[in-house]
Every structure is written in structure tokens, then in C-alpha cells.
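**Student:** Take this structure first; my questions come after.
Read-outs throughout are calculated quantities, based only on the coordinates presented, and are distinct from any laboratory measurement. On a predicted model such as this, the values are computed, not experimentally measured, just so you know. Please note: Cβ atoms are built from the backbone with ideal geometry, for glycine as well, and neighbour counts cover all protein chains shown.
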Amino acid sequence: MHIANAVHLTELAAADEILNLPATGQYGAGVDQRLHAQAAANASPQKLTFQGDVALWTVAIKPDKTSKFEQIMTRVREALAKSPDTARQRQAAGWKVMRIEKPLPDGNIAYIHVISPVIHDADYTVMQILYDAFPDERLALYEMYRDAFAANLSLATGPVAVDLAPGVPAPAVASR
């Protein structure tokens with residue numbers, strides 16, 4: 001899945017699609033879930049990639065599960081750092097997660113993934129990063145993340161318009 005510009009993620013895709021979470025509770029009694037598991041294992045996961053220089057991805061986390069979410073993101077950091085893939089290592093260098101202090105109206109806690117610079121064509125799917133690095137922990141990691149995750153809230157991506165850092169040349173001003 002390639003995401004560009006600003007979108008409200010509830011209009012874009014279900015959380016399981018963005019996060020590579022297995023579907024839960026969608027099959028009725030009597031359906032052989034082993035067939036679903038086998039089909040899911042054979043399907044190639046969608047990549048979550050971003051355009052532009054910066055991505056701001058906001059998620060809602062259940063208030064009593066924030067420590068679990070932060071544990072998951074710490075494991076993502078470990079996975080990216082230990083990867084022999086230099087693109088994965090570059091992802092870690094430019095990815096921070098900020099916690100918003102004030103709870104959302106529904107009580108959930110917003111976290112913003114601040115990704116700068118975006119590594120083009122790199123997969124930012126949290127669960128896929130974890131699955132690749134810790135295959136023996138797939139179920140435990142999935143359950144921890146699923147239990148903490150409430151919703152995707154928004155995503156904004158794009159180029160840097162003006163860099164305020166000293167020594168960085170100012171871009172040409174576009175006339176309108």
C-alpha cells in the first residue's frame with residue numbers, strides 16, 4: 001500500500017490492512033479457520049510505504065495499554081537496528097514516536113509516528129517488521145499490539161517546504 005499526502009485512515013483502509021494484523025472475529029461458527037490461516041500465510045503482505053520527505057502517522061492506543069504499545073515500538077527499534085538491511089537501519093534513524101499528553105475525547109491516547117526522512121520503498125508495516133525479525137514471537141507480538149491498538153487516525157506525507165536548520169539553503173519560493 002503506497003500512501004501519499006494527507007488522508008484520514010478510516011477512509012483509506014481497515015487497521016488490519018495498514019498494520020498487517022490478521023483478521024479477528026469475522027468468521028462464524030463452523031468455518032474452518034485453518035483454511036483462512038493458510039490463505040493468509042500464502043498471501044504476500046501489503047507494504048506500507050510513504051511518499052515525500054516526511055510522514056506523520058497518528059494512531060490511537062487504548063489508555064490502559066500504552067506501556068504495551070511502547071514495548072512493541074521498542075521491539076520495532078530492536079528489529080530495525082539488528083537488521084542486516086541498511087534500508088531498515090536507515091528507517092530506525094529517522095523514525096520517532098511521540099505521545100500526545102492530552103487524551104482524545106474517547107479516552108484513547110494518540111501517538112504520532114514522526115518519520116523523517118522517509119526511506120522510499122521501505123516497508124513501514126509495524127507487524128511485518130516484527131515478524132521478519134522475531135518469527136518465533138509472532139503470536140505474542142501480534143496479540144500485544146492488537147490488544148493495545150484502537151484506531152488509525154490520520155496520515156500526512158509530503159516534501160519539506162522550508163527547513164529552518166542553519167546552513168540549509170532556502171528553496172525557491174513558488175508564486176501563486
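**Student:** Pull out the extension gain between Gln51 and Arg99, defined as 0.36 nm times the separation in residues minus the alpha carbon to alpha carbon distance; nm, one decimal.
**Tutor:** Going from the current span to full extension adds 14.9 nm.
**Student:** Along the Cα→Cβ direction, 7 angstrom out, place labels at Asp136 and Ala151. What is the inter-label distance in nm?
**Tutor:** Result: 3.9 nm between the two label points.
**Student:** Within a Cβ distance under 12 Å of Lys82, other residues only, what is the Lys/Arg minus Asp/Glu net charge?
**Tutor:** Working: positive: Arg75, Arg77, Arg88; negative: Glu78, Asp85, Asp132.
Net charge in that neighbourhood comes out at 0.
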